[in-house]
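Taking it in order: structure first as structure tokens, then the write-up.
The values are calculated or read from the model by the stated rules, or taken from the named source; none is laboratory data. Source: prediction; values computed, not measured. Note that we place each Cβ from the backbone using ideal geometry, even for glycine, and neighbour counts take in every protein chain shown.
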Amino acid sequence: MGRIAKALVVILLLIGTGCGSYETRMYEGKTIDEAGLPIKGVSVTLCYVGWYWDWSMRDGFSLTWDHLYCSDTVTTDQHGNYRIFFAGPPSTFIHARHDEWVQTKSFLAKESRVVLVRRDIDQQRRASREEEREKTFRKRRSGESGVEYYCRVIRKRADAIELDYHGERVKVIQALLVESHKATFAVIGKYNIAQAMASELIMGDIGLNGVQTMPENFTVLSDKSNCDNNMYLIRSVHYDGNDLSTLYKAERIDVEVPSLRAIFTMKLWNFE
């Protein structure tokens, strides 16, 4: 397509998408708090998103979306009032800024009231909502197995340590799920590496070669139990209830890889 034909297509596209000239009008409004009291000193700008000619592109021009067109910024008076002359489509929105206040909702330019929330109150609310989301996310679903919960929640909330295991890189998720008298955690790497690690791991709470080790045999769960393609779950085969009694009291426990003389800490998720 030639430049003239292409330019004609672009012009028709601009007209078809309504990005012609808009009528200038005056927008009046007021910034208030949640109790309806006016807020002075708020910077108010009107903006809309539209098409844009980018002449820096190859072939001399390119029509791009997501360009922000904004009015001059005004400041609300002691009564919270503002007046802005601007030309924009019905989708034009209000952008209000203040050091001590936050705009938590979207308002169209045609609306005459812009409700702001104190920044400290907004932060408290956000923290509370995040806490509630976290509780909901962490809550175990009905019928959800320990392995399913580990994949959905625990591994996403845990740190990981990276090891060079005899020439192969492997990551260990530092979270140990204790349930039904079994201990389960995940490693990221090759299947044969996960198997090799599982065959030698020792859990304890003293340190390297500590005396309070817990005699465990570990195995790698089948592929169907994996969280991801390269993530393998390692679970204890059997245990001695007396030796593992500290798992019911502690928040963290050490895991040793004897062949590497390496030891790292696991956070415990106890569902016993």
For the range 21-47, what are the residues that are assigned to a loop (DSSP other than H, G, I, E, B) and not charged (D, E, K, R)? S21, Y22, A35, G36, L37, I39, G41, V42
When the range 27-49 is checked residue by residue, the ones that are modelled with pLDDT under 95 and crowded, with 19+ Cβ neighbours inside 10 Å are Y48
Please verify whether the range 63-70 includes one or more residues that are modelled with pLDDT under 95, surrounded by 15 or more Cβ atoms within 10 Å (Cβ to Cβ) and touching a strand residue (DSSP E or B) at 6+ places or on another chain (Cβ under 7 Å). yes
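Results for (1) touching a His at 6+ places or on another chain (Cβ under 6 Å); (2) closer than 20 Å to N229 by Cα; (3) at pLDDT below 85, shown as yes or no for each residue.
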| residue | (1), (2), (3) |
| --- | --- |
| D120 | no, no, no |
| E130 | no, no, yes |
| S145 | no, yes, yes |
| I161 | no, yes, no |
| V172 | no, yes, no |
| T184 | no, yes, no |
| M197 | no, yes, no |
| D205 | no, no, yes |
| V211 | no, no, yes |
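Quick grid of which residues meet (1) of a type in the set (A, V, I, L, M, F, W, C); (2) surrounded by 12 or more Cβ atoms within 10 Å (Cβ to Cβ); (3) touching a His at 6+ places or on another chain (Cβ under 6 Å):
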site: D72; (1), (2), (3): no, no, no
site: R83; (1), (2), (3): no, yes, no
site: F86; (1), (2), (3): yes, yes, no
site: S91; (1), (2), (3): no, yes, no
site: I94; (1), (2), (3): yes, yes, no
site: H98; (1), (2), (3): no, yes, no
site: T104; (1), (2), (3): no, yes, no
site: F107; (1), (2), (3): yes, yes, no
Considering only the range 81-106, state which residues are within 24 Å of H67 (Cα to Cα), out of contact with any Gly (no Cβ under 8 Å at 6 or more places or on another chain) and not in a strand (DSSP E or B). G88, P90, S91, T92, Q103, T104, K105, S106
